[in-house]
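Each remark here refers to the structure printed beneath this line.
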Amino acid sequence: MMLNQEINLKKLDLNHVYNLQDPQLYYQLITQYKYDLPERAKSYFMKVINAYRDYESVYSLKILDIGCSYGINAALLKFDKSMTELYQYYTNPLRLQQAELSRRNLDHTWFHESNVDEGLQFIGLDSAEQAVNYAVESQLIQSGIPTNLEKLPLLKEDYANHLQDINLLISTGCIGYITEVTFDKILTPVRNLSQLWGAVFILKMFDISEIKKTLGKYNLILVETDVTVKQRKFSSLEEKKSIIDLIEQQGLNAEAEKESDNLFAQLFLIFPLHLTSKQSIKKLLCDLKNSSKDVIC
């Protein structure tokens with residue numbers, strides 16, 4: 001079976017815009033390829049957040065965004081922005097005329113004039129140091145871990161400051177770039193594993209068997225849902241053919257990819273093992289299923 005690292009070599013390479021001091025070029029490029037997975041994921045994440053709040057009787061959640069980039073998920077979930085609004089804002093000529101420090105101040109003001117959910121605190125994990133720093137400096141996220149945990153250890157100060165009391169893991173498309181190695185390092189310092197949930201969108205061609213095993217070490221389970229959403233358009237016919245081949249090598253159905261020009265990602269939830277039989281979890285899975293009927297079009 002092909003390793004996930006090898007699979008990534010067959011995908012569109014956007015590394016040149018992932019780690020810049022300003023997100024402008026990133027938003028220009030992802031709009032070109034109609035990358036709107038965070039927008040499509042937003043309503044599903046909010047269902048999970050609301051279900052967690054109801055089940056645990058809490059309002060404030062500490063969320064670890066795995067592959068946070070420039071803080072997109074925080075912008076959508078905490079500040080209630082849309083991908084269209086983000087693109088229009090970051091590529092506005094008036095913003096681009098400003099010096100870097102002035103842009104940061106403008107960005108902070110623009111976001112914090114929004115309808116802010118003060119109960120959501122975001123921690124960002126990403127190997128792109130400048131992107132994480134931007135998200136922190138603009139206060140989209142409260143703190144960041146700009147580290148490639150596939151290759152480097154998790155520093156001691158990050159244990160205490162960031163991960164011990166997280167409530168929810170989220171990710172939009174980063175799983176596959178990161179493997180069970182990163183999950184193991186994330187979960188080791190967590191003290192409240194019996195209250196940890198997750199919602200992660202995973203591209204269909206990736207093998208997640210080792211991630212499932214690692215979650216099992218911590219008495220967590222990865223639960224497949226019926227939610228499948230578009231990630232972005234294929235960059236070429238060659239990429240489309242390669243991705244379809246990889247999906248079928250996993251023994252999965254690639255009809256959606258064959259019939260469209262898009263990659264698709266599937267939503268998986270993470271729960272403590274003891275919660276899987278709870279009625280609240282069954283209701284959440286049912287709600288997600290019912291709300292996903294018109295997603296693929």
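The values are calculated or read from the model by the stated rules, or taken from the named source; none is laboratory data. Values in this document were obtained by computation on a predicted structure and should not be read as measured data. Ideal geometry is used to build each Cβ from the backbone, glycine not excepted, and the neighbour counts take in all protein chains shown. Keep in mind that these areas ignore ligands, DNA and RNA; they rest on the heavy atoms of the full protein, side chains included. Shrake-Rupley method; radii C 1.70, N 1.55, O 1.52, S 1.80 Å.
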- Query: Given the residues Leu163, Leu203, Leu152, which is the only one that is modelled with pLDDT under 95, in contact with a Pro (Cβ under 8 Å, 6 or more places away or on another chain) and of a type in the set (A, V, I, L, M)?
  - Reply: Leu163
- Task: Give the residues of segment 40-63 that are open to solvent by less than 10 Å² (accessible area, probe 1.4 Å) and without any contact (Cβ under 8 Å) to a residue 24 or more places away in the chain, sorted by residue number.
- Result: none
- Message: Contact list please: Cβ distance under 7 Å, first residue in segment 232-251 and touching a residue at least 12 places away in the same chain (Cβ under 8 Å), second residue open to solvent by 30 Å² or more (accessible area, probe 1.4 Å) and hydroxyl-bearing (Ser, Thr, Tyr), pairs at least six apart or on different chains.
- Response: Arg232/Tyr33; Arg232/Tyr35; Lys233/Tyr33; Ser235/Tyr33
- Message: Take the conditions open to solvent by less than 10 Å² (accessible area, probe 1.4 Å), in contact with a strand residue (DSSP E or B) (Cβ under 9 Å, 6 or more places away or on another chain) and over 18 Å from Ile178 (Cα atoms) and apply them to Leu215. Does it pass?
- Response: no
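Restricting segment 251-281 to residues that are acidic (Asp, Glu) and touching a helix residue (DSSP H, G or I) at 6+ places or on another chain (Cβ under 8 Å), which is least open to solvent (accessible area, probe 1.4 Å)?
Going residue by residue through segment 251-281, those that are acidic (Asp, Glu) are 255, 257, 259, 261.
Now narrow it down to the ones that are touching a helix residue (DSSP H, G or I) at 6+ places or on another chain (Cβ under 8 Å): 257, 261.
On the way: Glu257: 1, Asp261: 82 Å².
Filtering first and then ranking leaves Glu257.
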- Query: Can you spot a residue in segment 200-208 that is open to solvent by 50 Å² or more (accessible area, probe 1.4 Å), among the hydrophobic types (A, V, I, L, M, F, W, C), under 20 Å from Lys42 (Cα atoms) and within 21 Å of the chain's Cα centre (by Cα)?
  - Reply: no
- Note on the structure: Picked from segment 228-250 (must be closer than 30 Å to Cys286 by Cβ and within 19 Å of the chain's Cα centre (by Cα)), the residue surrounded by the fewest Cβ atoms within 10 Å (Cβ to Cβ) is Thr228
